[in-house]
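The values are calculated or read from the model by the stated rules, or taken from the named source; none is laboratory data. Source: prediction; values computed, not measured. Using ideal geometry, Cβ is built from the backbone for each residue, glycine included, and neighbour counts are taken over all protein chains shown.
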Amino acid sequence: MTTRREFLKTAAGAGVASGALGFPHVLRAQAPEVLLGETHPLTGGLAREGNLGKQGIELAVNEINAAGGIKSMGGARIKLMVLDNESKPPVAISTMERFKDAGAVAVLGPYASGLAFVTTQEAEKYRIPHVLDVAVADGITERGFKYTFRAGPNAGMGARTTVEYLGGLTREMKLGLKRVVLIHEDGLFGKSTADTLEKLLPGIGMQVVERIPHSAAAPSLNNEVLKIKAAKADLVIPSTYYPAHSLIIRTMAEQRVDVGAILSVYGGAGSQYRFIKDVGKLADYMLDGNHWYNPKHPRIKGIIADFEHAYHQPFAYEWMLAYQSAWVLKDALERAGAADRDKVREALTRTRLTDQIVPYPITFDEKGQNPGARTLLMQVQNGRIAVVYPPEFAEAKPTIPVPAWDKRM
């Protein structure tokens, strides 16, 4: 895999060579191109996450083009048509129409479940293959669509995997966590995740004593945290986006609401280095069942270094999954051998990828979901995010129960 730095070095070298040979620019053969659409929330409430997705795809496409493009199409270079959906479903719908009119062969994006619910609907209508980057809501792939493909785990899979990990840790560490509070954003993502958790937790001997929905845009969560305190929770499980997740932790610390552990499922802040930067020591001991990379993959350190060098930002799963989605689509384009939407869709159905930076192989079932996808369990330890479960990917042992707030503030 060619890195961004190698790409820039190669491009610079190619420019010197062309000049030395004296070939006029007008005589150069124009490389063929494959147009791909990318819809992300580059402005609005989800702008940070959307821009990370954009950067991840850009990094992957630079690597692909530098390595010779789509070789089965004569070295065709990928050209991205990037549109901002403004974090609004109606605008996301309009981006799909524009991709259709422009002749895009396939579409990447759009990060959030609420956006993906409508972009996949439009992709089906226009018969455009749509490879999702994140967008975990179960229902996205439950509508019989043939043009939607999700390589990562859905909300239910993430919840089931995290409960499996929690059950394993409970047995191995002899934990006494029994009373659980679920606090989740009141949209598609939070509700579907909490629904699954409520069904599964009794199977490992845990009781959901309170379920607390909240607005993802809530300016205060004081009342919600008071409910957590009143419920005498042993374990709190948030499923929400970054601002609310960060606010839950800050408010619990301010109110000194001590629990045995805070373990999020797809937590907006739980596996984010910016959270550690924002709240300092309050982030320590946070557990999160979430998207992550395989820490033992030989290429992962180099890819993260390339991203940090190019964009001056630390690792975040949003860009990693977007990066991975572009490589999934590249593989399908290579096997399709033509910039034809139906051939690309057919190639995606036959995807069999094993050597990837995510901790699972990538295939797609008849619904377009990768049945083998899974999350990992991470914990913030001394300002670093480490995989703590399952054992085959673990970088550290978890600390549970966690110290009281007074002992870490």
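A few points about this structure:
- Filter result for Ile276 (aliphatic (A, V, I, L, M), in contact (Cβ under 8 Å) with a residue 60 or more places away in the chain, surrounded by fewer than 23 Cβ atoms within 10 Å (Cβ to Cβ) and touching a strand residue (DSSP E or B) at 6+ places or on another chain (Cβ under 8 Å)): yes
- In region 78-127, the residues that are part of a helix (DSSP H, G or I), charged (D, E, K, R) and crowded, with 18+ Cβ neighbours inside 10 Å: Lys100, Glu122
- One residue from Ile262, Ile303 being in contact (Cβ under 8 Å) with a residue 12 or more places away in the chain and either within 14 Å of the chain's Cα centre (by Cα) or over 30 Å from Pro219 (Cβ atoms) (or both): Ile303
- Exclusive hit being under 27 Å from Gln55 (Cα atoms) and either surrounded by fewer than 19 Cβ atoms within 10 Å (Cβ to Cβ) or touching a residue at least 12 places away in the same chain (Cβ under 8 Å) (or both), set Asp342, Asp355, Asp406: Asp355
- Test: residue in region 209-224 that is among the β-branched types (Val, Ile, Thr), over 23 Å from the mean Cα position of the chain (by Cα) and surrounded by fewer than 24 Cβ atoms within 10 Å (Cβ to Cβ): yes
- Of the residues contained in region 341-363, one or more are found to be in a strand (DSSP E or B), closer than 27 Å to Arg143 by Cα and within 19 Å of the chain's Cα centre (by Cα).
- Filter result for the condition that a residue is outside the structural domain of Ile400 (by TED's automatic domain parsing) and of a type in the set (Ser, Thr, Tyr), over Thr141, Thr193, Thr161, Thr170: Thr141
- Looking only at region 362-398, and only at residues there that are under 22 Å from Asp278 (Cα atoms) and out of contact with any Ser or Thr (no Cβ under 9 Å at 6 or more places or on another chain), the one that is surrounded by the fewest Cβ atoms within 10 Å (Cβ to Cβ): Asn382
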